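Each remark here refers to the structure printed beneath this line.
The values are calculated or read from the model by the stated rules, or taken from the named source; none is laboratory data. Computed from a predicted structure; not experimentally measured. Here the Cβ positions follow ideal geometry from the backbone for every residue, glycine too, while neighbour counts run over all protein chains shown. All accessible areas refer to the heavy atoms of the entire protein, side chains included, with ligands and DNA or RNA removed. Shrake-Rupley method; radii C 1.70, N 1.55, O 1.52, S 1.80 Å.
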Amino acid sequence: MTEKILATHSCERHVKPGQLIMAKVDFCMGNDVTAALAIKEFRKIGVERVFDPERIALVASHYVPNKDVGAAEQAKVMRQFAIEQGIKHYYEVGRGGIEHVLLPDNGLILPGMVYVGADSHTCTAGALSCFATGIGSTDLAAVMALGEIWLRVPATMKLVYYGKLNEWVMGKDIILATIGRIGVNGALYKAMEFTGPVIEQLPMSDRFTITNMVVEAGAKNGIMPFDEVTQDYLMKVAPCSQDRWEVYLPDEDAQYTEVIDFDCSQLEPLVAYPYLPSNVRTISEAVKDKISIDQVFIGSCTNGRIEDLRIAAKVIRGRKVHPNVRMIVIPATHRVWQMALAEGLLEIFAEAGAVVAAETCGPCLGGYMGVLASGERCISTSNRNFIGRMGHPQSEVFLSNPAIAAASAILGRIAHPDEL
Amino acid sequence: MSRGAQTMGTKLRGRVHKFGDHIDTDAIIPARYLVTTDESELAKHCMEPIDPSFPSRVARGDILVAGENFGCGSSREHAPLAIKGTGISCIIAKSFARIFYRNAINIGLPILECASAAEEAEDGDLIECDLESGVILNLTKGTQHQAEPFPEFMRQIIESGGLINFVRRRLEERKSR
């Protein structure tokens with residue numbers, strides 16, 4: 001699938017893994033951290049205008065509302081550039097959110113596209129059956145000038161999921177199980193193609209969670225075949241856009257570097273221990289380890305969607321956050337925030353003693369809104385648990401799905417919702 | 001355009017600073033410092049979570065050597081910029097995470113993929129690399145290694161002095177078409 005998309009976007013009839021191509025870009029994106037640097041590089045090229053102001057999104061997501069003067073200056077650089085260039089999809093504070101939830105939900109990313117973004121989690125959008133990958137800032141500067149990008153065509157590995165999911169098992173557990181099996185460089189430079197009956201049954205929210213974390217296995221992109229679930233989602237977020245979709249399905253004789261089967265029927269919720277997303281244990285093991293926690297974070301481009309907040313609220317409803325725990329809930333986008341408000345979810349969190357913040361990447365990358373002190377532990381629904389990821393180098397981050405994180409907030413230790 | 005300096009056809013020589021596997025971009029430059037794009041400013045915090053005295057130990061021209069999957073994690077180009085800002089002239093690793101690899105090529109920071117050289121090198125070894133041939137000499141140990149050669153296309157970017165110059169050339173080609 002990936003090879004087919006890249007072939008139609010280059011001047012080649014067929015492309016082979018390893019081949020270097022210049023590919024046409026359908027859509028590109030930068031955020032307040034990466035766009036500032038991209039704009040600085042764009043100026044050096046000496047070109048006046050971007051290739052197409054309708055095919056670029058600039059999203060204030062990481063350090064907004066501005067965390068300090070430096071962040072404010074960077075956000076200003078992006079804002080002024082957006083005005084100067086007439087960037088159609090510029091998202092200001094209060095109208096946007098985290099790009100990887102925002103842009104698909106606004107119907108901007110469609111099947112068959114080549115979509116590149118100056119943020120590693122751009123791969124999230126691959127759940128919509130497009131080629132989506134993260135790039136650097138100079139890359140983005142080049143794309144904004146040329147409308148093209150140099151790419152090495154990735155080889156593809158196929159991952160097939162069978163079985164019936166147990167209660168409380170989510171997309172997060174599927175991708176953690178996968179990274180736990182293949183390792184943090186198990187898919188280095190490759191495309192990960194997700195298929196099988198389990199994937200077919202998953203709603204888009206869980207699918208996005210899975211493709212979101214392919215970069216944590218070193219992959220270039222993650223991709224899922226187009227099906228009815230994809231179609232229903234697109235009808236909602238991008239009505240009347242069918243003429244702009246291009247559906248590519250895997251060939252019968254498609255070449256894969258490997259095919260890995262997963263039996264999901266025994267899968268239980270998982271927890272990734274510090275300091276790598278591949279350092280995965282089952283929730284049963286984690287419960288036995290009696291891991292006390294100081295902070296819980298529910299949000300991020302991995303698990304900050306409305307479906308994630310609903311699950312967390314279901315666990316939290318009528319209960320109180322443990323006295324030793326700070327619980328931080330951050331809806332991924334402004335629209336998710338509004339939906340959570342309308343559905344009464346924000347009230348459930350507030351009543352429980354959690355703080356609900358405005359949409360931002362914030363604490364996931366130790367930016368602000370929940371930075372950890374030395375020796376502190378956080379269970380987080382985000383995607384990385386590297387040394388110092390959320391704050392002090394001697395703090396620890398455990399990754400889980402929102403149900404586990406919510407149950408842990410109540411009990412003050414890593415816990416299963418069935419313990420409540 | 002001084003950016004990206006001359007990287008091909010140049011021999012680099014420096015002392016080794018050795019790191020392990022899976023050195024991620026949060027270790028290379030923590031996100032809280034991503035409020036500037038200035039490489040010397042970023043360099044002050046390079047490797048802070050895992051080796052806080054690293055920037056002060058680097059002499060201009062030194063070589064960073066690492067294991068598997070160097071630069072995994074975020075797309076932040078601030079990571080190779082921070083390393084460049086410390087004075088490191090080249091990175092040798094067993095393998096690189098893909099966005100870091102792109103970013104290094106694009107900003108003109110020389111990188112070489114060579115498992116045997118990376119495996120063998122120790123802190124303080126004196127290494128000389130020939131970026132054109134990919135030959136790496138460990139002068140302390142008296143050994144020679146061969147790095148993966150760059151594909152032609154990437155050599156064009158490197159020889160242009162980074163992606164920005166490459167893009168300029170491509171835009172000129174379009175105009176003259």
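Tabulated values for the structure
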| item | result |
| --- | --- |
| Extreme residue, nearest to residue A:97 (Cα to Cα), among residues of region A:327-338 that are touching a strand residue (DSSP E or B) at 6+ places or on another chain (Cβ under 9 Å) and open to solvent by 20 Å² or more (accessible area, probe 1.4 Å) | A:334 |
| Residue A:122, sole failed condition from (1) in contact with a Ser or Thr (Cβ under 7 Å, 6 or more places away or on another chain); (2) farther than 30 Å from residue B:107 by Cα; (3) within 14 Å of another protein chain (Cβ to nearest Cβ) | (2) |
| Some residue of region A:165-184 being small (Gly, Ala, Ser) and within 14 Å of another protein chain (Cβ to nearest Cβ) | yes |
| Within region B:53-68, considering residues that are within 14 Å of chain A (Cβ to nearest Cβ) and surrounded by 17 or more Cβ atoms within 10 Å (Cβ to Cβ), the one farthest from residue B:89 (Cα to Cα) | B:68 |
| Some residue of region A:339-360 being within 14 Å of chain B (Cβ to nearest Cβ), under 19 Å from the mean Cα position of the chain (by Cα) and touching a residue at least 60 places away in the same chain (Cβ under 8 Å) | yes |
| Every residue from region A:273-305 that is open to solvent by less than 10 Å² (accessible area, probe 1.4 Å), outside any strand (DSSP E or B) and in contact with a Leu (Cβ under 8 Å, 6 or more places away or on another chain) | A:277, A:283 |
| Residue match in region A:245-258 (condition: outside any loop (DSSP other than H, G, I, E, B), in contact with a strand residue (DSSP E or B) (Cβ under 6 Å, 6 or more places away or on another chain) and crowded, with 17+ Cβ neighbours inside 10 Å) | no |
| Among (1) facing another protein chain (nearest Cβ under 10 Å); (2) open to solvent by less than 10 Å² (accessible area, probe 1.4 Å); (3) among the aliphatic types (A, V, I, L, M) - the single one residue B:50 does not satisfy | (2) |
| Counted residues, region A:335-373 - those being among the charged types (D, E, K, R), more than 30 Å from residue B:29 (Cβ to Cβ) and part of a loop (DSSP other than H, G, I, E, B) | 1 |
| Residue count, region A:32-62 (criterion: of a type in the set (Ser, Thr, Tyr) and more than 7 Å from chain B (Cβ to nearest Cβ)) | 1 |
| Cβ-Cβ under 8 Å pairs, at least 6 apart or on other chains, region A:185-211 side within 14 Å of chain B (Cβ to nearest Cβ), far side in a loop (DSSP other than H, G, I, E, B) and among the charged types (D, E, K, R) | A:185/B:68; A:189/A:220; A:190/A:220; A:191/A:220 |
| Any strands (runs of 3 or more DSSP E) falling wholly within region A:74-170 and containing at least 2 residues that are open to solvent by 10 Å² or more (accessible area, probe 1.4 Å) and in contact (Cβ under 8 Å) with a residue 40 or more places away in the chain | A:148-152, A:156-162 |
| Check on residue B:155, free of Cβ contacts under 8 Å to residues at least 12 places away in the same chain and out of contact with any Lys or Arg (no Cβ under 6 Å at 6 or more places or on another chain) | no |
| Which listed residue, of A:20, A:6, A:37, A:58, is within 25 Å of residue A:220 (Cα to Cα), of a type outside the set (Gly, Ala, Ser) and touching a Pro at 6+ places or on another chain (Cβ under 6 Å) | A:20 |
| Subset of region B:139-177 (residues that are within 9 Å of another protein chain (Cβ to nearest Cβ), touching a helix residue (DSSP H, G or I) at 6+ places or on another chain (Cβ under 7 Å), under 25 Å from residue B:128 (Cβ atoms) and assigned to a helix (DSSP H, G or I)) | B:154, B:157 |
| Single match in B:42, B:81, B:64 (criterion: in contact (Cβ under 8 Å) with a residue 40 or more places away in the chain and farther than 18 Å from residue A:70 by Cβ) | B:64 |
| Residue B:92, sole failed condition from (1) surrounded by 21 or more Cβ atoms within 10 Å (Cβ to Cβ); (2) within 12 Å of chain A (Cβ to nearest Cβ) | (2) |
| Residues that are over 13 Å from residue A:415 (Cβ atoms) and touching a residue at least 24 places away in the same chain (Cβ under 8 Å), drawn from region A:269-288 | A:270, A:272, A:273, A:274, A:275, A:276, A:277, A:278, A:279, A:280 |
| Among (1) in a helix (DSSP H, G or I); (2) modelled with pLDDT of 95 or more; (3) within 9 Å of chain A (Cβ to nearest Cβ) - the single one residue B:85 does not satisfy | (3) |
| Matching entry among B:84, B:11, B:44 (being of a type outside the set (Gly, Ala, Ser) and buried (at least 17 other Cβ atoms within 10 Å of the Cβ)) | B:84 |
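Rundown of residues vs (1) aliphatic (A, V, I, L, M); (2) under 17 Å from the mean Cα position of the chain (by Cα), yes/no style:
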position	(1), (2)
A:365	yes, yes
A:372	yes, no
A:378	no, no
A:383	no, yes
A:407	yes, no
A:419	no, no
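Quick grid of which residues meet (1) closer than 27 Å to residue A:221 by Cβ; (2) of a type in the set (Phe, Trp, Tyr); (3) outside any helix (DSSP H, G or I):
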| residue | (1), (2), (3) |
| --- | --- |
| B:40 | no, no, no |
| B:52 | no, no, yes |
| B:55 | no, no, no |
| B:104 | yes, no, no |
